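Heads up, the thing below is written out as structure tokens.
Any read-out appearing in this document is the output of simple, stated calculations on the displayed coordinates, not a laboratory observation. All of these numbers come straight from a predicted model, not from anything done at the bench. All Cβ positions, glycine included, derive from the backbone under ideal geometry; neighbour counts span all protein chains shown.
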């Protein structure tokens, strides 16, 4: 099998002559002892009909591409592909959505292919300027710097003796029995402070938990203190994510008799009620709030407002009304 190497300028001149003579890719490939795909890619690089192929122009494009870092290569030399990516970002499509839609939009054009990682790399290596700021602004999280891919993995350590959400009773999933809660932390300014949130799945009742610090012992004690104020039939289980603040879950269960179940990593939909409530809480405590400067009285006032808010899912009853009037027919 012949070892692969790039087309030379002499070969490109021959390609130009063969194209002018009306020969197809496979015939040209045989004459040059090259793969048909090599000739096809060479002609496509010009982004013009084959009849306009010129050896000198093709050589300049190839030299430029060879000097471009590989991950940027396609978007740097392919204006049509670059325009498609820019348009997709303008529509607020994610890089992954753009990459997948390219396949559907250009099923027969292999030059219109790239991975979502290539798009991210392209965005973050752009020189500083208005274009870079504009394109990154269209990304969902708008980060100015790309996080290491290693950071995408859960680095918070393994919580010992976790009980998976898969072992949670069916009554929790279908919300037929009240008393099953979801928990989380709402982070304050620069993650220096936090507010604990507990939401009951059936009644949507919310408990806001003031925290002096967000370490595991403090969170355990604060959550246990609030849960012990509930009637026993309204405190059956707690579903939590895998945040390290719940590493003392076994002590929490011993103190409260409430079993803790842990959601799968990176699966916020498994605690959808809590996630939605956290969004409501942000109306009162927007991002950047320093919870160390918010009094317990203020926090509990917001808790009362949330529990006194009519909810469509409760047939426009309030969580407080439903909580204190069990059983109540709930809306879909």
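Summary of computed values
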read-out: Separation between Cα centres of the range 198-223 and the range 172-189, rounded to whole Å; value: 10
read-out: Mean-position separation - Cα centroids, the range 278-302 and the range 226-245, in angstrom; value: 20
read-out: Overall form of the range 203-253 per C-alpha gyration tensor (a/c, 1.5; a/b vs b/c); value: prolate
read-out: For the range 160-250, diffusion coefficient by Stokes-Einstein and Kirkwood Rh (Cα), 25 °C, 0.890 mPa s, µm²/s; value: 178
read-out: For the range 155-310, radius of gyration divided by Kirkwood radius, i.e. Rg to Rh on alpha-carbons; value: 0.93
read-out: Sorted by Cβ density within 10 Å, fewest first, the residues 53, 106; value: 106, 53
read-out: Inter-probe distance in nm under a simple model that places probes 7 Å from Cα toward Cβ, at residue 63 and residue 164; value: 5.9
read-out: Spin-label model distance (nm) - residue 325 vs residue 266, 7 Å beyond Cα toward Cβ; value: 4.4
read-out: Approximate spin-label separation residue 283-residue 309, in nm, with each point projected 7 Å along Cα-to-Cβ; value: 0.4
read-out: Burial ranking of peptide ranges 238-247, 28-37 (average Cβ count within 10 Å, highest at the top); value: 238-247, 28-37
read-out: Cβ-based exposure ranking for 75, 61, in which fewest neighbours within 10 Å come first; value: 61, 75
read-out: The range 253-332 - Debye-derived log10 I(q)/I(0), Cα point model, q = 0.15, 0.18 Å⁻¹; value: -0.81, -1.08
read-out: Two-site FRET efficiency, residue 176 against residue 254, from Cβ-Cβ distance with R₀ of 25 Å, rounded to 0.05; value: 0.35
read-out: Gain upon complete extension [residue 228, residue 191; 0.36 nm per residue less C-alpha separation]; value: 10.6 nm
